[in-house]
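The values are calculated or read from the model by the stated rules, or taken from the named source; none is laboratory data. If you're wondering where the values come from, they're calculated on a predicted model, not measured in any experiment. As a convention, Cβ positions derive from the backbone with ideal geometry for all residues, glycine included, and neighbour counts pool all protein chains shown. Please note that ligands, DNA and RNA were not included when accessible areas were found on the heavy atoms of the full protein model with its side chains. Shrake-Rupley method; radii C 1.70, N 1.55, O 1.52, S 1.80 Å.
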Amino acid sequence: MKSSARDFSDNAEKALLNPDLRRALAQVREGFVVKRAKAFAELPEFAALRRLGHEIKQHSLEHLDYYLERYERQVIAAGGQVHWAQTPQQARDIVVKICRDSAAQRVIKGKSMVSEEVALNEALEAADFEVTETDLGEYIIQLAKEPPSHIIAPAVHKTREQVNALFRDHHKNLGGKRDASVAGLVNEARQVLRQAFLKADVGITGANFLIAETGAHVLVTNEGNGDLCSSLPRVHIVTASIEKVIPNLEDLSVLLRLLARSATGQPLSVYTTLYNGPAKAEQGAGPKEYHVVLVDHGRSTLLGTEFREALRCIRCGACLNHCPVYTAIGGHAYGWVYPGPIGAVLSPLMLGMQEAHDLPHACTLNGHCQQVCPMEIPLPSLLRRLRQRGFSDRVDGRRSRWALQVWVILARHPALYRFINDVGAWMMGKVARGGVLHRWPMAGAWTRYRDLPTPEGSGFISAWKRGDRS
Amino acid sequence: MQQPSIEGQSTQPRVALFATCLVDFFRPAVGFASARLLEAAGCRVEVPDGQTCCGQPAFNSGDDASARAIARQVIALFASYDYVVAPSGSCAGMIKCHYPKLFSDDLDMLEQARQLAEKTFELTQFLVDICSYQLPSQQLQATLAYHDSCSGVREMGIYEQPRSLLTAISGLTLTTPKEADSCCGFGGTFCVKYPAISARLLKNKQTALTDTDADLISGGDLGCLLNIAGGLRRAGDKTKVYHVAELLDGCAGQAGIGEDKG
Ligand code: SF4
């Protein structure tokens, strides 16, 4: 997907003016957040589990080469093939080649964020394959020709009315009476998708985890579409980023308990399936070919940097749901595949500081994301580190740099600071009427939306020094 | 970290009041109230006049070199005191949680930063956890909606302290607004860099606060309170807003933040 992260500010302002979006996003705050809180309130061992989950992922990252090689051996032993893609281009080429080699025409897909990251659909369509997304949310945004706006609920920005209108447009060939209720719309999508499932040659899914010990990939969904993508077509391709690998099934049991609760507040998602290679001869049904495409896209470099902790992310979406900025502007404003706090960390690292320099700044550092992250990723510190990088690379605006430097000089010269502080407070106090200022030079960004409470009139430190005590 | 309580100590502890740049400029009343509370709690209060700001604007903008320079200045200024107390979870949090990180490759400064971090507290945290301060009996017939500021609640773990002090005021009823610990949209430079987003966050906060029908709004960080009061005034809402230090000091009769002194 092409990035528009550069236009973050404009995109955000537009998003704020969209009433449908506001209505849709209210579900995030009221739905996911409340359900997650309830799920963890019922899990007294949450803190211990979280610690353990953190350690498992950290350990896996520290020995990533070992576990990846082990995983690869096990996949091959199970009759599958492993492909290594260093860049998005390589990932696209590999998948297109597999589809061509198997003389495929129709491709169905389960939800995969890394396939969005490498812009797989565009490449498959350009190579004349017919691609159908089968996760309901992904299907909706495919019809709308939009990117996902949330990592677990890609169409969360759409209201039911918008989905209904979209289906009316695209499902013209369906007869019978239409039902615009949620259940009715789901049924309608099911009818359409059933045909796609039955006709597909290739199924592509992501993976929530890769198990080094057994060579299995783990798929967690609520719709079961991923399982149909994995079992009906004759070829199954798994796209996964390299940091998905964990040592064994024991570890998986810990991470699964954290993932579903953090994501949707469920103790476990409806479908959790482990797949091992292609169908065996005696099984009859199932894919004849099984491919795993392991995508790096800068992750192995990140491992050696101060940003490595971001790689612990299990893509649960909790940080998005609890982020006041995300829930105000939605995912599209972030301009690329990963929105919210984790997106504000990953996008500049993957796209470059120049492209996404706004994202690390568009955060109040309120810390809610870190508080809820099941992997204890210190998101605010990572965002601050990115700001440091932006500052030393001089990618942030000249005006804000200049203002900051003036302020730093003052802060480092207490006498001068005191003088300016006191004169300013006195002047503002003189001008103001009624306790607030509606406008003030250089405070336009503040007073555009709120009044500015007026200073009482003299600085506290000087007043204290003079002997004032009230 | 468990600190010894200062009750029963023979000599009064020397406490430096770090007023914070916002209190210094906008609301000296918070500084005076804080000083009175600390004195009432048995401290000898001083306000070192070399203080400017804790350096957060530089730190949060990624200008670590400047943040470090300012931190050095603050560390030197406060080194000789027994305690440093700020009427702000955010500025106290900067010293307590972030100063040590700034000096991770300068062992000598790191040690000094740690020492300062250990003796630095937010006001209500200091009054309750260190001084075991009991508020003298006072009365205020009102309902109050309390805003837990982000750094206070998440960085410093301040939640019970202001509440335990406020509930000692007879007649005062505390209400909990919806999403009480969610951000008000201030965020330091964030509110002027992304004013439209900040305004939406503020709007959400305002709605949550006014939905409680409280007569008073309070919190422990002046940044949030200036933001909230500014939003309320722009909307024509006259609900009074005070810093928690002012309420504890019994100043609720005076003009609130953003209110005409008349
Ligand atoms: S950063 Fe943490 S909270 Fe956010 S998606 Fe990843 S694991 Fe979940």
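What the table below lists for this structure:
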| quantity | calculated |
| --- | --- |
| Residues of region A:344-357 classified as within 16 Å of the ligand (Cβ to nearest atom) and buried (at least 24 other Cβ atoms within 10 Å of the Cβ), total | 5 |
| Members of region B:91-119 that are in contact with a strand residue (DSSP E or B) (Cβ under 9 Å, 6 or more places away or on another chain) and among the hydroxyl-bearing types (Ser, Thr, Tyr) | B:TYR99 |
| Filter result (facing chain A (nearest Cβ under 7 Å) and basic (Lys, Arg)) within region B:177-231 | B:LYS193, B:ARG200 |
| Segments classed as helices (runs of 4 or more DSSP H), wholly inside region B:173-262, with at least 3 members that are crowded, with 24+ Cβ neighbours inside 10 Å and not polar (S, T, N, Q) | B:195-210, B:222-234, B:244-248 |
| Flag if B:ILE95 is surrounded by 24 or more Cβ atoms within 10 Å (Cβ to Cβ) and either in a helix (DSSP H, G or I) or touching a residue at least 60 places away in the same chain (Cβ under 8 Å) (or both) | yes |
| Single condition B:VAL23 does not satisfy, out of (1) of a type in the set (Val, Ile, Thr); (2) open to solvent by 10 Å² or more (accessible area, probe 1.4 Å); (3) at the interface with chain A (Cβ under 10 Å from one of its Cβ atoms) | (2) |
| Count - residues of region A:56-95 that are outside any helix (DSSP H, G or I) and among the β-branched types (Val, Ile, Thr) | 2 |
| Region A:325-337, residues that are within 13 Å of the ligand (Cβ to nearest atom), surrounded by 24 or more Cβ atoms within 10 Å (Cβ to Cβ) and part of a loop (DSSP other than H, G, I, E, B) | A:GLY331 |
| Complete set of residues in region B:63-92 that are within 18 Å of A:ARG412 (Cβ to Cβ) and part of a loop (DSSP other than H, G, I, E, B) | B:ASP63, B:ALA79 |
| Residue within region A:407-423 that is more than 28 Å from B:SER61 (Cα to Cα), among the small types (Gly, Ala, Ser) and more than 8 Å from chain B (Cβ to nearest Cβ) present | no |
| Residue count, region A:358-386 (criterion: closer than 22 Å to A:GLU116 by Cβ and open to solvent by 20 Å² or more (accessible area, probe 1.4 Å)) | 1 |
| Residue match in region A:362-375 (condition: away from the ligand (no atom under 14 Å from the Cβ) and β-branched (Val, Ile, Thr)) | yes |
| Residue under evaluation A:ALA285, criteria (1) within 16 Å of the ligand (Cβ to nearest atom); (2) more than 14 Å from every other protein chain (Cβ to nearest Cβ); (3) among the hydrophobic types (A, V, I, L, M, F, W, C), criterion not met | (1) |
| Residue within region A:314-324 that is among the aliphatic types (A, V, I, L, M), more than 14 Å from the ligand (Cβ to nearest atom) and in contact with a Gly (Cβ under 9 Å, 6 or more places away or on another chain) present | no |
| Strands (runs of 3 or more DSSP E) enclosed by region A:201-274 - at least 1 residues per element that are within 16 Å of the ligand (Cβ to nearest atom) | A:209-211, A:216-221, A:235-241 |
| Count of residues meeting criterion [more than 7 Å from chain B (Cβ to nearest Cβ) and surrounded by 21 or more Cβ atoms within 10 Å (Cβ to Cβ)] in region A:451-470 | 1 |
| Residue identified as more than 8 Å from every other protein chain (Cβ to nearest Cβ), closer than 19 Å to A:GLY335 by Cβ and in contact with a Cys (Cβ under 6 Å, 6 or more places away or on another chain) among A:CYS369, A:CYS373 | A:CYS369 |
| Hits in region B:26-40 (condition: open to solvent by 20 Å² or more (accessible area, probe 1.4 Å) and either aromatic (Phe, Trp, Tyr) or more than 9 Å from chain A (Cβ to nearest Cβ) (or both)) | B:PHE26, B:GLU39, B:ALA40 |
| Criterion: more than 10 Å from every other protein chain (Cβ to nearest Cβ), under 28 Å from B:ASN204 (Cβ atoms) and not β-branched (Val, Ile, Thr) - qualifying residue of A:TRP426, A:TRP402, A:TRP440 | A:TRP440 |
| B:SER88 being of a type in the set (Ser, Thr, Tyr) and crowded, with 24+ Cβ neighbours inside 10 Å | yes |
| From the options A:ARG448, A:ARG387, residue that is facing chain B (nearest Cβ under 8 Å) and touching a His at 6+ places or on another chain (Cβ under 9 Å) | A:ARG387 |
| Positions within region A:237-278 being among the hydroxyl-bearing types (Ser, Thr, Tyr), surrounded by 24 or more Cβ atoms within 10 Å (Cβ to Cβ) and under 18 Å from A:LEU52 (Cβ atoms), in sequence order | A:SER262 |
| Criterion (at pLDDT below 95 and open to solvent by 80 Å² or more (accessible area, probe 1.4 Å)) met by exactly one of A:ARG433, A:ARG401 | A:ARG433 |
